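Notes follow once the structure below has been shown.
The values are calculated or read from the model by the stated rules, or taken from the named source; none is laboratory data. Just so it is clear, the structure is predicted and the values come from calculations on it, not from any experiment. So basically every Cβ, Gly included, is an ideal-geometry build from the backbone, and we count neighbours across all protein chains shown.
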């Protein structure tokens, strides 16, 4: 101990050393505690925000996959299209479907031998596809293929911008004849570019500025998106978090990222094993805490140096009444905040020292209050940021469930409502009805008046349906010019009355000057032996096609 303090052999030096050490220790304890608390809270809030983004994207991809599978199943079940020898009606239906969804690169029907008999724009007509996975798997049931490069269509389709290879996701379903025999396989190739549109709609500008990246990987951890990394230019860490969780991981570029993972729910027919991985550089996620930590560190060092200078000056004025000052200091050390360093000595040195020590004590108390206030301020900022993220997520959820053209509910919202109504019907034994509505000859409207007028017709049609149905049910755009009306606690007769009213009102509604349209209606109600809500949809859809075949502009109730 004597050797250690040999360079501090004066009272003023030892006082200065002691004061500086105490202040520096206090600063380090306060700053360290504050940093640990805020970093933990901010890391959790940022990680939960990434999980929320991952979940939103997963929901949208799942909805898209199920909608595409639904469309190919509906096309495969329209048995009348495959009965004619020339397949002209099938060719017309294929062209209509392709035109209704821009990301369908190819749609076709192959017979049992794998020869393409009908296809969009005649592409690959007559080609042998018997060895293609979609044909092999599609013969036995609905099939969704993983992402793959274009093979037969590579040289038949226009190249994407930037020269990137064309990639598809295949959707296929068997076509069964009326005698139960396999007639062939109908399939679509969906352009992988639709995934980019889904992700761009989910990632806000604020998220981009925060360095947030989104990846889609398969069950072997191969990167499917972004396209520029296809198939494996970047490696995703093996030790990813469990589904719905997040953690900090070291990536291939030796940078640490806050990483979340959510699995994409595949349709029941196929387990694709896709997963959404969202990452954000940990340096960006924790930047606010680090800035405050740096500020507190410099303030602590500055305050320590400043107080050490004061202590040095105070110690130089000491002379005789050291015992009284020591007793006062001891009283303060024991927690007596009311004690003061005032001394009645007439020595100017002691009076000056007493005043300085009192000022130092006040400075420490003020600094303590300042640190507490800064802590409260940062906690308020963290709560505000969390509230903003939650509001952004709620807004994103609302957008996900709304059709952008008609502002009606979309298929995702319809499926959720149907599932809730199906469960309620099972529990309460009460019925519900589904009305499928399809505009008659809508392609002629687009061909004669243009797609802009066609959009206006769909918007007015959606508004009329919503006004007429009101609070009795829910109106959703099912796809193209087709709408679905869900009527809870409604019998078939009541649903027919509603449908007739809708049909009559729609027939009278003038869309634009001189343009009137009609619509066909198919009705189905819940049956107690239904094992899934989609069975009600299928019956309503079948009734709709009967209404079309019987001459359109009519209501047909499913048996």
For residue 428, work out the one condition from (1) within 31 Å of the chain's Cα centre (by Cα); (2) farther than 22 Å from residue 68 by Cβ; (3) modelled with pLDDT under 95 it doesn't fulfil.
(1)
Being over 30 Å from residue 284 (Cβ atoms), under 31 Å from the mean Cα position of the chain (by Cα) and part of a loop (DSSP other than H, G, I, E, B) is true for just one of 102, 125. Which residue is that?
102
Take the conditions closer than 20 Å to residue 552 by Cβ, in the same structural domain as residue 418 (by TED's automatic domain parsing) and touching a residue at least 40 places away in the same chain (Cβ under 8 Å) and apply them to residue 501. Does it pass?
no
What about residue 264, is it crowded, with 16+ Cβ neighbours inside 10 Å, under 30 Å from residue 141 (Cα atoms) and assigned by TED's automatic domain parsing to the domain that holds residue 69?
yes
Selected residue (only one of 63, 110 is modelled with pLDDT under 85, surrounded by 20 or more Cβ atoms within 10 Å (Cβ to Cβ) and assigned by TED's automatic domain parsing to the domain that holds residue 271)
63
Note on the stretch 102-119: residues farther than 18 Å from residue 82 by Cβ and touching a residue at least 40 places away in the same chain (Cβ under 8 Å) are 103, 104, 105, 106
